[in-house]
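Undergrad: Encoded as structure tokens, here's the structure I'll be asking about.
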Amino acid sequence: MTTRRRFTLTQYLIEQRRRFPGASGDFNSLVLEVALACKAIARSVALGELGNVLSHFGEDEVSTAVNIQGEEQKRLDVISNAYFTEMTEWSGNLAGMASEEMDHPYQIPAPHPRGNYLLVFDPLDGSSNLDVNVTVGSIFSILRAPQDVIDSGRDVVESDFFQPGAQQMAAGYALYGPSTMLVLTVGNGVAGFTLDPNLGQFMLTHPNIQVPPDTQEFAINASNSRFWEPPVKRYVDECLAGKTGPRGKDFNMRWIASMVAEAHRILMRGGVFMYPRDTKDPSKPGRLRLLYEANPVGFIIEQAGGRASTGREPVLGVQPTALHQRIGLVFGSKNEVERIERYHREPVAYKDDNPLFSERSLFRD
């Protein structure tokens, strides 16, 4: 009896590298270091309360309990950030890093050599779900360092990371759920790997992932409906109207509050995710971080045949202007995202008079 041979992550990367005969191997090495950090985080997540990593910092602890985003940190946020930095800083592949959990760019410390790449990451996405044992993950992006950084070896500055998402060399996420998965694109489609705990290896289990162009599922935080812009209200109302509405079919609504989990569901079976710009806080053009969340997830989705947008323009074309810049994000099945973009372009002639949303509805103020 023969069994199907599965590629390891290392073997997959070697196959991808063969497209570039002159490649040094540093890029592959960096991806494998990131994968190692994800394995370490997966172990900590799996231990849960047994590992004493799920709680917030106490008042008597010297470590900060609030990150640059103004969000309360859990121990595992800080531990996960340390796994990423400590497992990637030493090999000479990186010129610098940036993390959602750090105020400023992370410099590669002496005596470690510096390399040609920048690593951008959200070490633990969805950590507010840890105490209820809901799937969380890590998101990462690899950029080419500016040439003057490579030539001079100087410290990186914030502007070195201000590269549109279309310039990413790789992006991926790790999913810490019933099984640990690594989903990766190196600009040649999207592949999914499942961690084999017996071998300690990520094995290729989902080659050539494709997002279906049509869907009957959408994900949005409905508690913010009173702040939505008219195009988003129109889209959601039409979905909820079901078969008797203008869409002529029923939709299901999902909301996990873990972007990695939302993205993974869409990659596996289609759907559309919306965290759009709204009027809740006019000073913020969105909730999600462009560099740490929107760009890497957008790159993965588009490499899988889906679409990622701000609602008004492709997210991968947005020029970053700040390290922790926020942005509105819509991604998923191509036809649905394009419909939402079309609604944003059309004149505001939509009246919110759907009977499902009468004055007594939960979706009204």
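Undergrad: Output the residues belonging to segment 122-155 that are charged (D, E, K, R) and at pLDDT below 95.
TA: Across segment 122-155, the qualifying residue is only Asp131.
Undergrad: For segment 244-259, how many residues meet the condition of being open to solvent by less than 20 Å² (accessible area, probe 1.4 Å) and assigned to a helix (DSSP H, G or I)?
TA: Counting residues in segment 244-259 that are open to solvent by less than 20 Å² (accessible area, probe 1.4 Å) and assigned to a helix (DSSP H, G or I) gives 1.
Undergrad: Quick check on my filter: what residues within segment 116-146 are open to solvent by less than 10 Å² (accessible area, probe 1.4 Å) and not in a strand (DSSP E or B)?
TA: Residue satisfying the conditions is Ala145 alone.
Undergrad: Of the residues in segment 198-243, how many are part of a helix (DSSP H, G or I) and open to solvent by 30 Å² or more (accessible area, probe 1.4 Å)?
TA: 8
Undergrad: Quickly run through segment 76-93 and pick out the residues that are touching a Leu at 6+ places or on another chain (Cβ under 7 Å), surrounded by 21 or more Cβ atoms within 10 Å (Cβ to Cβ) and hydrophobic (A, V, I, L, M, F, W, C).
TA: Residues of segment 76-93 that are touching a Leu at 6+ places or on another chain (Cβ under 7 Å), as a first pass: 76-77, 80, 87-88, 93.
Filter once more, so that each one left must be surrounded by 21 or more Cβ atoms within 10 Å (Cβ to Cβ): 76-77, 80, 88, 93.
Listed by number, the list holds a single entry, Leu76.
Undergrad: Filter segment 125-145 down to the residues that are farther than 23 Å from Met169 by Cβ and touching a residue at least 12 places away in the same chain (Cβ under 8 Å) and list them by number.
TA: Gly126, Ser127, Ser128, Asn129, Leu130, Asp131, Asn133, Val134, Thr135, Val136
Undergrad: If you don't mind, another one. What about Phe161, is it touching a His at 6+ places or on another chain (Cβ under 8 Å) and either loosely packed, with under 15 Cβ neighbours inside 10 Å or not small (Gly, Ala, Ser) (or both)? Before the answer, list the steps.
TA: Working: touching a His at 6+ places or on another chain (Cβ under 8 Å): no; either loosely packed, with under 15 Cβ neighbours inside 10 Å or not small (Gly, Ala, Ser) (or both): yes.
Answer is no for this residue.
Undergrad: Okay, next question. Are there any pairs with C-beta distances below 6 angstrom linking a residue in segment 94-114 that is open to solvent by 40 Å² or more (accessible area, probe 1.4 Å) to a residue that is part of a loop (DSSP other than H, G, I, E, B), with the two at least 6 apart or on different chains, and if so which?
TA: Taking only residues 6 or more apart or on different chains, the pairs are Asp103/Ile68; Gln107/Asp155; His112/Glu89; His112/Trp90; Pro113/Gly92; Arg114/Ile108; Arg114/Gly153.
Undergrad: In segment 300-329, which residues are outside any strand (DSSP E or B), small (Gly, Ala, Ser) and open to solvent by less than 20 Å² (accessible area, probe 1.4 Å)?
TA: Within segment 300-329, Ala304, Gly306, Gly311, Gly328 meet the criteria.
The values are calculated or read from the model by the stated rules, or taken from the named source; none is laboratory data. Note that the structure is predicted; figures quoted are calculated from it, not measured. Please note: Cβ atoms are built from the backbone with ideal geometry, for glycine as well, and neighbour counts cover all protein chains shown. Keep in mind that these areas ignore ligands, DNA and RNA; they rest on the heavy atoms of the full protein, side chains included. Shrake-Rupley method; radii C 1.70, N 1.55, O 1.52, S 1.80 Å.
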